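We did not get these values from a lab; they are worked out from the coordinates using the rules stated. All of these numbers come straight from a predicted model, not from anything done at the bench. Cβ coordinates were reconstructed from backbone atoms using ideal geometry, including for glycine residues, and neighbour counts include every protein chain displayed.
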């Protein structure tokens, strides 16, 4: 399936990416300490639930015809491409962002509803992509604050907010679509949570993701209870309710103790260990780009 002409024109003459931020993984950690810490990946499933809580996004993923991008069929590849996007969108060069956009657009061209689809969706819809980017930004901020014990200084917080618009503009979100300031963002995000609509089919799909049913039985036995615990812990309460997940004050206290311990250990680790998941996928991405191999 071909990429829509308007999207192809945007790729050929980029007008949507904001000015390039020249941060490598060392510099971004110096300016925004902990923002690329690998421990944040623990919140990944919760963030996916947040993104897919909007029915057109959820059904677009659940019914996607892109078999090689399916989490349930190719979990390692899907994890690699997702983490790569998170890294490239924040610290990639303009050339790297454009290359990854082109590769992802090739996949997204196949993600659109048909006349038989219960929900209408299109992966090139910038409004849907904005919600995904907003969830990712919220996740970065939330996990960093939990693991580091607080927010960044206001000037750094605002600087990261501006940088984070590339989480959307690396695809089809225009810079002017990103909420003008963090107050506007909070209003947009709260409205987005209120629009969440998780039906039975989507709830079943997301529960299977929470319980690691896309991995081998051995891994599920070892890690599914832990993954369910941290996933529910990282979810905003409205989405716990939509997912029919129970969460008691006792569980919240256990989760808080876990985060305190994880944050303590995380802060003791050298930067290259903390950032290892992101630096590994960046190295792989740059090797693929340099040698002409598929990026996704």
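Checking each residue in segment 117-131 for being crowded, with 21+ Cβ neighbours inside 10 Å and not in a loop (DSSP other than H, G, I, E, B) picks out 129, 130, 131. Filtered by the rule that a residue be in a loop (DSSP other than H, G, I, E, B) and either surrounded by 16 or more Cβ atoms within 10 Å (Cβ to Cβ) or touching a helix residue (DSSP H, G or I) at 6+ places or on another chain (Cβ under 6 Å) (or both), segment 175-201 gives 178, 179, 196, 197, 198. Summed over segment 237-257, the residues that are closer than 19 Å to residue 145 by Cα and buried (at least 16 other Cβ atoms within 10 Å of the Cβ) give a count of 1. When 264, 226, 234, 278 are checked against the criterion of being closer than 29 Å to residue 23 by Cβ and loosely packed, with under 15 Cβ neighbours inside 10 Å, a single residue qualifies: 264. Taken as a whole, segment 96-107 holds no residue that is within 19 Å of residue 296 (Cβ to Cβ), in contact (Cβ under 8 Å) with a residue 40 or more places away in the chain and not in a helix (DSSP H, G or I). Of 215, 206, all but one fail to be part of a helix (DSSP H, G or I) and surrounded by 13 or more Cβ atoms within 10 Å (Cβ to Cβ); the exception is 206.
Yes/no per residue for (1) in a helix (DSSP H, G or I); (2) touching a residue at least 12 places away in the same chain (Cβ under 8 Å); (3) within 12 Å of the chain's Cα centre (by Cα); (4) within 23 Å of residue 210 (Cβ to Cβ):
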residue: 40; (1), (2), (3), (4): yes, yes, yes, yes
residue: 49; (1), (2), (3), (4): yes, yes, yes, yes
residue: 58; (1), (2), (3), (4): yes, yes, no, yes
residue: 65; (1), (2), (3), (4): no, yes, no, no
residue: 72; (1), (2), (3), (4): no, yes, no, yes
